[in-house]
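We did not get these values from a lab; they are worked out from the coordinates using the rules stated. All values derive from a computational prediction rather than experimental measurement. Cβ coordinates were reconstructed from backbone atoms using ideal geometry, including for glycine residues, and neighbour counts include every protein chain displayed.
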Amino acid sequence: MTPPVIRVEDLVKVYQGGGLRVTALRHVTLSIEPGEFVAVMGPSGSGKSTFLNVLGCLDRPTSGLYELDGVPVSTLSRDELARLRNDRLGFVFQGFNLLARTPAVENVELPLVYTAVPGRERRARALEALGRVGLSDRTRHLPHQLSGGQQQRVAIARALVNRPSLLLADEPTGNLDTRNGLEIMALLQRLNRETGLTIVLVTHEPDLATFAGREVVFRDGRVVHDVQRPAGDAVAQVERLPPPVREEEAA
Amino acid sequence: MKVSSVLRVSFQALLRHKLRSTLTVLGVVIGVAAVIAMVSLGQGAEKSLNDLIVQSGVNVVFVSPFLTTRGGVRGWGGAQVTTLVEEDATAIGRECPSVVAVSPLVRTVAQVISGNANWSTSIEGVGEKYGEIRSWTVAQGDFFPARDIRRAAKVCVLGKTVAESLFGRANPVGETIRIKNVPFQVVGVLAEKGQGTYGENRDDVVLAPFTTIQKKLLGITHLHRVFVAARGPDQVEHASREITDLLVQRHRIRPGQENDFSVGTMAEMVSTARTQTETMGLLLLAIASVSLLVGGIGIMNIMYVSVTERTREIGIRMAVGARGRDVLGQFLIEAVVLSLSGGVLGIALGVGASLLIPRLLRWPATISPEAVLVSFLFSGAVGIFFGFYPARRASRLDPIEALRYE
């Protein structure tokens, strides 16, 4: 049996600074199996962002166990965490976080720049990843020449290019309008269903959470709610929207 | 992360801020240019000083009939001091054991005429040993012998430039030229000597017996110089002491009274010139060091600005797997690329200056490949040294903070 993608036990994160002690995570225990699509919900300050940072190996827990693909992460060094982010994780942010003045394809290549993958293969894999998010015709465009939805799809392609075991998305639709937001959700749902990609999505929009098969709700650093239920179909919802304004005009 | 892609990213970052990058590296440019110009001028001066010793003869000691401060070299004035005479020269040759040859010298500037051609040049009245003392050889004809000196014969030996100006390619030996209406028969032409240390033409001269020049052209009985050859390079010091003692006695100079002559050696002139060159070199070196220091600080400052501006980029790179050392390397290479570009510009400027200075100022300069290489490497080192702290700050950023940075 394959191990869970994520296994956390008794996870505690305490921030300390300026005489202030803030406990962001209080004894969180959770497992996520391969192929799951999990929506993490909760009000601001509930600890969901801290949780995502710990899952993303950007931050280390104060105590408790975190295993990613069966590898205990809590004790790794900064460089080892970087290695892990590079091979196992893909990030999608609310603000896209693309490198400005850098063409889409080079943005997508960025994670591979820090690996031993040779230049020619990097380019091929970046183009393939752009194809999977439907941007084969925009590879040389600079971020500011793309609409918000397209920029977020470039960011998703960047997250996919190193073939991660886990995709972490932090409010990926927060900066997008309804249609583009839904299209991004539809894309994530498709990637999850067709390739079995494990996704953890942080959002505070309950509508978007319905597209995930599992909902985890944080409050005051604790998991207060964790249910699995059939997911809504994002593609069908996109189709129900009124006909779109052409993106080139909108952008 | 591969070096080639880091280099590309660095160049892009620098080209994005062309003006800023240029202004930043200006200090390095000036520093490197100063180093190269300094070394070129220093080597040029050194070379020409060595040439000067060889050209003038290592054994040469000269007596001038005027008062000098120690180490100073005055011009050819000395008209008022008429105490140095032919008998002094003869006595030096007779009584100083370290001396092998002596020649008096008187000098003037005059127009030389042959047929329709005329040429203004320097006329040197000398003794028969003058050519030997100064290692000047005759290419055509002969140097005038002692007999011509004794009887003040109207003969002369032409420098190459004078010979060509008056006679073109024809052989001037046997022809007659006129100097201030006095006819002189040409008995020889000197071998070509080319440019002197300070760019002067050493072939633009006419040599004649000093007795003839004294009587026929100048109407004087004193000398402007006495040139002496010592027995060997190690005898130069001896010879000048013997000459000084002899002339003090002959001119009846009392203790405490200043001499009415000075005895100089080429070695002294050269060491004076060398001291001046070294002072100049030190000055340039100081400018270069200050400039490189300021340039380095400029680079450090701009790299801090760059790290701050690109905090978010650093966060993104770290999130997708860049390690601290990848970020460190990127910013360090950027600093080095910046300072090396300054170095290359500085080398271009320095080499340009080294080519131009000899033309404009008639200063000799020799471009040294070692200096070019060393300043290239040094400018790279400036980049590493001053780029290190900004790069380390970048590499130690917390990725979460960096991603949140606006």
Assertion target for B:LYS193, A:LYS13, B:LYS18, ordered by fewest C-beta neighbours within 10 angstrom first, is B:LYS18, B:LYS193, A:LYS13
For the protein assembly as shown, one quarter of the surface area of the C-alpha convex hull, expressed in nm², comes to 47.3 nm²
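In which sequence would B:LEU246, A:LEU142 go, from the one with the fewest C-beta neighbours within 10 Å to the one with the most?
The fewest-first ordering by Cβ neighbours comes to A:LEU142, B:LEU246.
Using the 10 angstrom Cβ neighbour count as an exposure proxy, how do B:CYS156, B:CYS96 rank, fewest first?
Ascending number of Cβ neighbours within 10 Å: B:CYS96, B:CYS156.
Ranking request for peptides B:333-339, A:99-105, A:110-116: highest mean number of other beta-carbon atoms within 10 Å first, then the rest in descending order.
B:333-339, A:110-116, A:99-105
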Taking chain A and counting helices only, DSSP H stretches of n ≥ 4 at -39,500 (n - 2.57) each over all residues, the nearest-500 ellipticity at 222 nm comes to -10500 deg cm²/dmol
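Which length gain, in nm to one decimal place, applies between A:HIS204 and A:SER31 when the Cα-Cα distance is subtracted from 0.36 nm times their residue separation?
Net length gain for the segment: 60.2 nm.
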With Cα springs under 10 Å, the Gaussian network model of chain B assigns the largest mean-square fluctuation among B:GLN12, B:GLN140, B:GLN185 to B:GLN12
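Give the calculated FRET efficiency between A:SER165 and B:ARG20 to the nearest 0.05, with a Förster radius of 60 Å applied to their Cβ-Cβ distance.
Numbers: r = 43 Å, r/R0 = 0.71.
That pair, A:SER165 with B:ARG20, gives E of 0.90.
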To the nearest 0.05, the calculated FRET efficiency linking B:ARG150 and B:THR279 through their beta-carbon distance, R0 being 35 Å, is 0.15
The stretch B:298-406: relative contact order from alpha carbon pairs under 8 Å, six or more residues apart, as a whole percent, is 54 percent
The protein assembly as shown: antiparallel bridges as % of DSSP beta bridges, rounded to 5, reads 70 percent
In nm², the average projected area of the convex hull spanned by the Cα atoms of the stretch B:100-229 is 7.5 nm²
For the stretch B:263-406, the Cα convex hull volume per residue in Å³ comes to 118 Å³
Toy charge model, Lys and Arg Cβ at +1, Asp and Glu Cβ at -1: the stretch B:100-229 dipole around Cα centroid in debye, rounded to 20, equals 440 debye
Restricted to chain A, the DSSP antiparallel beta bridge percent, nearest 5, is 55 percent
Per residue, the convex hull enclosing the Cα atoms of the stretch A:104-152 spans a volume in Å³ of 69 Å³
A correct Stokes-Einstein calculation for the stretch A:2-153, using the alpha-carbon Kirkwood radius, 25 °C and 0.890 mPa s, returns a whole-number D in µm² s⁻¹ of 139 µm²/s
Once normalised by the length of chain B, the mean sequence separation of its alpha carbon contacts under 8 Å that are 6 or more apart gives a contact order in percent of 29 percent
With -39,500 (n - 2.57) per DSSP H segment of 4 or more residues and division by the full residue count of chain B, the 222 nm estimate, nearest 500 deg cm²/dmol, is -18500 deg cm²/dmol
Per the charge dipole of the protein assembly as shown (beta-carbon charges, Lys/Arg positive, Asp/Glu negative, Cα centre), the residue among B:GLN235, A:ALA159, A:THR23 reaching farthest to the positive end is B:GLN235
Short to long, in 10 Å steps from zero, the percent of alpha-carbon pairs of chain B per bin is 5, 18, 19, 15, 11, 10, 9, 8, 4, 1, 0
Subtracting the Cα-Cα distance of A:GLN145 and A:ASP220 from 0.36 nm times their residue separation yields 22.9 nm
By the C-alpha gyration tensor axes a ≥ b ≥ c (rounded if a/c is under 1.5, else prolate when a/b exceeds b/c, else oblate), the shape of the stretch A:33-85 is oblate
Percent antiparallel among DSSP beta bridges confined to chain B, rounded to 5, stands at 80 percent
Of all C-alpha pairs within the stretch B:190-340, those more than 26 angstrom apart amount in percent to 65 percent
Helix B:18-56: inclination vs chain B longest Cα principal axis, degrees, rounded to 10, gives 20 degrees
Filtered pair list for the protein assembly as shown (Lys only, Cα < 27 Å, 8 or more apart or interchain) has a length of 21
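What does the convex hull of the Cα atoms of the stretch A:138-251 come to per residue, in Å³, rounded to a whole number? Could you put the intermediate results ahead of the total?
Details: hull volume 14.4 nm³, N = 114.
Given the Cα convex hull of the stretch A:138-251, per-residue volume reads 126 Å³.
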Scoring the stretch B:100-229 by relative contact order with C-alpha pairs under 8 Å, at least six apart, yields a percentage of 37 percent
Where a ≥ b ≥ c are root eigenvalues of the Cα gyration tensor, a/c under 1.5 meaning rounded, otherwise prolate if a/b exceeds b/c and oblate otherwise, the stretch B:153-278 counts as oblate
Once the dipole of the protein assembly as shown is set up from charges on Cβ (+1 Lys and Arg, -1 Asp and Glu), the residue from the list B:ILE92, A:HIS144, B:SER289 lying farthest towards its positive end is B:ILE92
